[in-house]
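Working notes, structure below.
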Amino acid sequence: MTLATADISDQYSDEVQIAEPGFRDYGGLPAFAGLISTVSCQNDNSKVREALEEEGNGRVLVVDGSASMQCALLGDILAGMAHEHQWAGVIVNGCIRDSAVIATIQIGVKALDTNPLKSMKRGLGDRDVPVRFAGIDFTPGHWVCADPDGILIAPRALV
């Protein structure tokens with residue numbers, strides 16, 4: 001299976017939404033796709049850990065951290081856990097840390113930037129709720145595809 005957001009966008013232009021640019025690639029897999037699972041949180045990654053402790057079954061965890069640059073919501077331990085539990089990738093509307101190690105893990109990771117500060121752990125946030133950022137709606141159960149050219153979503157798997 002070849003994942004190329006440009007080709008998918010061309011072929012299915014009437015079915016896809018394309019995220020606004022601004023996300024960087026950090027994981028060892030430059031292209032990834034899967035059904036969406038979400039976490040909505042700000043400066044607290046407790047729900048991110050909770051999600052990644054579950055079997056991913058090829059899903060993509062979309063984390064809406066409200067584009068906060070105050071701390072990281074994903075680091076090498078959680079990225080490794082995501083890989084171990086068979087998540088296809090993680091998209092963070094916020095920051096990650098341990099980027100050099102995450103680059104060696106065979107998982108897709110996109111985020112806005114890096115920050116070495118770890119997040120709070122107070123159990124705050126929501127799981128599997130619709131989230132909106134980068135000009136599009138990420139709905140649990142819909143499909144997301146990401147590669148170095150960008151992120152797109154559709155109500156069904158397109159490849």
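Amide H contacts of Val62: Ser37, Thr38, Val39, Ile91, each under 5 Å away and 5 or more positions distant or on a separate chain (H built 1.01 Å from N in the peptide plane; Pro and chain starts excluded). Residues whose amide H comes within less than 5 Å of that of Gly75, counting only those at least five positions distant or on another chain, are Arg97 (H built at 1.01 Å from N in the peptide plane).
Each part gets one Cα centre, and for the range 43-107 versus the range 119-150 those centres are 11 Å apart.
Using the rule -39500 (n - 2.57) for each DSSP H run of four or more residues, divided by the residues of the chain, the 222 nm mean residue ellipticity is -4000 deg cm²/dmol.
Size descriptors for the range 21-106 (Cα atoms only): Rg and Dmax, in that order, 11.4, 31 Å. Where the alpha-carbon atoms of the range 69-153 are placed on the principal axes, they occupy 29, 29, 24 Å, in descending order.
Relative to the Cα centre, the charge distribution of the chain, modelled as +1 at Lys and Arg Cβ and -1 at Asp and Glu Cβ, gives a dipole magnitude of about 520 debye. Quick check: net charge around Cys95, other residues with Cβ under 15 Å of its Cβ, Lys/Arg +1 and Asp/Glu -1? Computed value for this residue: -2.
Just to confirm, what accessible area per residue do you get for the range 1-108 at 1.4 Å probe, in whole Å²? I get 44 Å² per residue for this part. Size check on the chain: the Cα extents along the three principal axes, sorted descending, read 42, 29, 28 Å.
For the range 18-159, give the percent of accessible area contributed by carbon and sulfur heavy atoms, probe 1.4 Å, rounded to a whole number. With neighbouring chains kept in place, the figure for the range 18-159 is 51 percent. Annotation: aspartates and glutamates with alpha-carbon distance below 13 angstrom to Lys47 (same-chain offsets under eight excluded): Asp64, Asp126, Asp128. When exposed loop sites are taken as trypsin sites (Lys or Arg not before Pro) in a DSSP loop with at most 15 other Cβ atoms within 10 Å, the longest stretch of the chain clear of them is 1-120. Local charge for Ser40 was computed over the other residues whose Cβ lies under 13 Å away, with Lys and Arg +1 and Asp and Glu -1, and equals -3.
Summing +1 for each Lys or Arg and -1 for each Asp or Glu among the other residues whose beta-carbon sits under 11 angstrom from that of Leu3 gives -3.
The values are calculated or read from the model by the stated rules, or taken from the named source; none is laboratory data. What you see is a predicted model; the values in this text were computed from it and never measured. So basically every Cβ, Gly included, is an ideal-geometry build from the backbone, and we count neighbours across all protein chains shown. Only protein heavy atoms, including side chains, enter the accessible area calculation; ligands, DNA and RNA are left aside. Shrake-Rupley method; radii C 1.70, N 1.55, O 1.52, S 1.80 Å.
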